[in-house]
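> Would you mind keeping the following structure in view while I ask a few things?
Laboratory data are not the source of any read-out in this text; all were calculated from the coordinates shown. This one's a predicted model, so the numbers in the text were calculated from it and none came from an experiment. Using ideal geometry, Cβ is built from the backbone for each residue, glycine included, and neighbour counts are taken over all protein chains shown.
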Amino acid sequence: MWLEETGLADWVRSSPAGYPLMITLHAFGMAIMVGLALALDMRLLGWFSGMPYAALQRFLGVAWIGFGINFISGSALFTTQSASKYVFQPGINGLEFNWVFMGKMTLVFAGAIMAAILQTTVNRDSATWPPTSVPAKVKFMAALSIVFWLVAITLGRLTAYLGA
Amino acid sequence: MLNAAENWMTSTWINHVVLGYAWTWPTLETLHFLGLSLLMGTLIIMDLRLIGFQRIIPLTAVHSLMPVAIFAFSINLITGLGFIFGDPRLYSGNWSFWAKMILVLLAGLNFVVYYFAVEPKLKKLEPMAATPAIAKAVGVASLLFWSGVLSFGRLLPYLGTGGG
C-alpha cells in the first residue's frame with residue numbers, strides 16, 4: 001500500500017527514535033484523553049460530588065489535546081504497516097480483515113463523539129442540575145462512554161499481539 | 001541478592017499464573033493501561049488546580065479525587081508486580097525500569113509532602129482561593145514525575161536491554 005512507502009512510514013519504521021517516540025506519545029495522548037473523559041463520566045455517575053460539572057467540562061478541552069496527540073501519533077504508526085497489519089493482517093488464508101484494530105478505531109471514534117456530546121450537554125444544561133444527580137439519559141451516556149473507552153483500550157492493546 | 005530475589009519470584013505461584021496462560025500478560029497490560037489513564041486523568045485535574053488553574057474547583061474537591069488516583073495507582077502496582085514476578089530478569093537488567101522506579105518513589109515522596117505539608121494548608125483557605133507556592137511546586141513536581149514514569153515505562157522495551 002502506498003502509505004507504507006512514504007518517507008514518514010520509513011522513518012517511523014526504521015529510525016531508532018521514530019517508533020518509540022510515536023508509541024510513547026500515543027500512551028500520553030491516551031492517558032490525557034481517556035483519563036479526563038473517565039473523570040467526567042464518573043462525576044456524572046455520582047462520584048466526587050464536590051467537583052463542579054463545569055470544571056470537568058473545561059478539562060475535556062484539555063482532553064482534546066490528548067486526542068490530537070493520538071490522532072497524529074496514531075496516524076504515524078498506522079503508515080508503517082497500514083495494510084499489512086492494521087486494516088488487514090496475515091492469517092491462515094493470506095491477508096484477513098483485522099477486526100481487532102478496526103473495532104478499536106470504531107470505539108475510539110464512538111468514545112470521542114460521546115465525549116463531544118457530553119461536553120456540549122454539560123456546558124448547556126449542568127447549571128440546572130443538582131450537584132448529586134443528573135438526568136438518567138446523561139448517566140446512560142456516561143456509562144456508555146466508560147464502556148467505549150474500556151473496550152477501545154482492550155482492543156488497542158491486543159493489536160500489539162497481532163500480525164507479529 | 002538480586003539473583004536470589006529473581007529465583008524466588010520465578011518459583012512463586014504468581015509467576016505460574018502470569019506465564020502459564022497466554023491471556024494473563026495481555027490482560028495485565030490492558031489493566032495497566034486503564035490504570036495509567038485514570039491515574040493521569042485525575043492527576044491532571046488535581047495538579048493543575050494545585051498550580052492555580054481552574055479556580056472554580058473548590059480545594060476540598062481536589063482532595064475528593066485522591067481516592068480515585070490511589071485506586072488507579074493500586075491497579076498499576078498490582079499489575080506491575082505481576083509483570084515483575086512473571087519475568088524478573090527482563091526488568092532487573094533494564095536501566096529504564098530502574099529510572100521508572102526511582103521516579104515512582106519520588107512521586108510517592110511528593111505525595112507525602114502534599115499530604116502532610118500542603119493539604120492542611122489548603123483546608124484553611126477559602127474554596128476558590130489562590131494556592132500557596134508549596135502547593136504549586138508540588139503540583140508541578142507531580143506532573144513531571146508521573147510523566148517520567150509513563151515515558152520510561154513505555155520506552156522500557158526500547159531503551160534498556162533486559163537480561164531476558
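> Grab the DSSP H runs of the protein assembly as shown that are 4 residues or longer, score each as -39,500 (n - 2.57), total them, divide by all residues and round the 222 nm result to the nearest 500 deg cm²/dmol. Show your work: numbers first, answer last.
On the way: 14 runs with 243 residues, N = 328.
The helix contribution divided over the protein assembly as shown gives -25000 deg cm²/dmol.
> Follow-up question, since we're still on this one. When the dipole is taken about the Cα centre of the protein assembly as shown, and only Lys, Arg (+1) and Asp, Glu (-1) are charged at their Cβ, what size is it in debye, to the nearest 20?
Values: 18 positive and 12 negative charges, 172 e Å.
Value, rounded to 20: 820 debye.
> Restricting to lysines 8 or more places apart or on different chains, can you count the pairs in the protein assembly as shown with Cα atoms under 29 Å from each other? All intermediate terms of the calculation are to be shown ahead of the outcome.
Values: A:K85/A:K104; A:K104/A:K137; A:K104/A:K139; A:K104/B:K100; B:K100/B:K136; B:K121/B:K136; B:K123/B:K136; B:K124/B:K136.
The number of close lysine pairs in the protein assembly as shown is 8.
> Efficiency by 1/(1 + (r/R0)^6): what FRET value for A:I113 and B:A5, r their Cβ-Cβ distance, R0 = 51 Å, to the nearest 0.05? Walk me through the numbers on the way to the answer.
On the way: r = 48 Å, r/R0 = 0.94.
Step by step, r from the Cβ atoms, then E = 0.60.
> Given points 7 Å out from each Cα along the Cα-Cβ axis, report the B:Y158 to A:Y161 separation in nanometres with one decimal.
The modelled label-to-label distance comes out at 2.3 nm.
> At 7 Å along Cα-to-Cβ for each site, give me the label-to-label distance between B:M66 and A:W47 in nm.
Inter-label distance under the simple model: 1.7 nm.
> Please give, to one decimal in nm, the separation of the simple spin-label points placed at B:V113 and A:I92, each 7 Å out from Cα toward the Cβ.
Between B:V113 and A:I92, the label points sit 5.9 nm apart.
> In addition: Just to confirm the number: angle between the C-alpha axis of helix A:136-159 and the first principal axis of chain A, 0 to 90 degrees, nearest 10?
So the helix axis and the longest Cα principal axis differ by about 20 degrees.
> Also, quick follow-up: Could you rank the peptides B:50-61, B:9-20 by their average count of other C-beta atoms within 10 Å per residue, with the highest value first?
Details: B:50-61: 18.0, B:9-20: 14.6.
With the highest mean Cβ count within 10 Å placed first, the list reads B:50-61, B:9-20.
> Follow-up question, since we're still on this one. Which of rounded, prolate, oblate describes the protein assembly as shown, given a ≥ b ≥ c as roots of the alpha-carbon gyration tensor eigenvalues and a/c under 1.5 marking rounded, otherwise prolate only if a/b is larger than b/c?
Numbers: a/c = 1.88, a/b = 1.27, b/c = 1.48.
Oblate, since a/c reaches 1.5 and b/c is not below a/b.
> How high is the relative contact order of chain A, in percent, counting Cα pairs under 8 Å that sit 6 or more residues apart? The partial results should precede the final answer.
Details: 183 pairs, mean separation 48.7, N = 164.
Across chain A, relative contact order equals 30 percent.
> Using alpha-carbon pairs under 8 Å, 6+ residues apart, how would you state the relative contact order of region B:50-164 in percent?
Numbers: 100 pairs, mean separation 58.2, N = 115.
The normalised contact order for region B:50-164 reaches 51 percent.
> Pull out a ≥ b ≥ c, the square roots of the eigenvalues of the alpha-carbon gyration tensor of region A:7-107, then state rounded if a/c is under 1.5, prolate if not and a/b is larger than b/c, and oblate in the remaining case. Walk me through the numbers on the way to the answer.
Numbers: a/c = 3.97, a/b = 1.90, b/c = 2.09.
Oblate, because a/c is 1.5 or more while a/b does not exceed b/c.
> Could you work out how far the C-alpha centroid of region B:77-102 sits from that of region B:1-65, in angstrom?
Centre-to-centre (Cα) distance: 13 Å.
> In degrees, nearest 10, range 0 to 90: what is the angle between the Cα axis of helix B:2-11 and the longest Cα principal axis of chain B?
It is inclined by approximately 80 degrees.
> For helix A:99-125, what angle does its Cα long axis make with the longest principal axis of chain A, in degrees from 0 to 90 and rounded to 10?
It is inclined by approximately 30 degrees.
> Nearest 0.05, what FRET efficiency do A:L8 and B:L105 give at R0 = 45 Å with Cβ-Cβ as r? Could you put the intermediate results ahead of the total?
Numbers: r = 38 Å, r/R0 = 0.84.
Here the calculated transfer efficiency is 0.75.
> Turning to a different aspect of this structure: Given a Förster distance of 45 angstrom, what is the FRET efficiency for B:K124 paired with A:A83, based on the Cβ-Cβ distance and rounded to 0.05? Each step should come with its number before you reach the end.
Working: r = 61 Å, r/R0 = 1.36.
Calculated transfer efficiency: 0.15.
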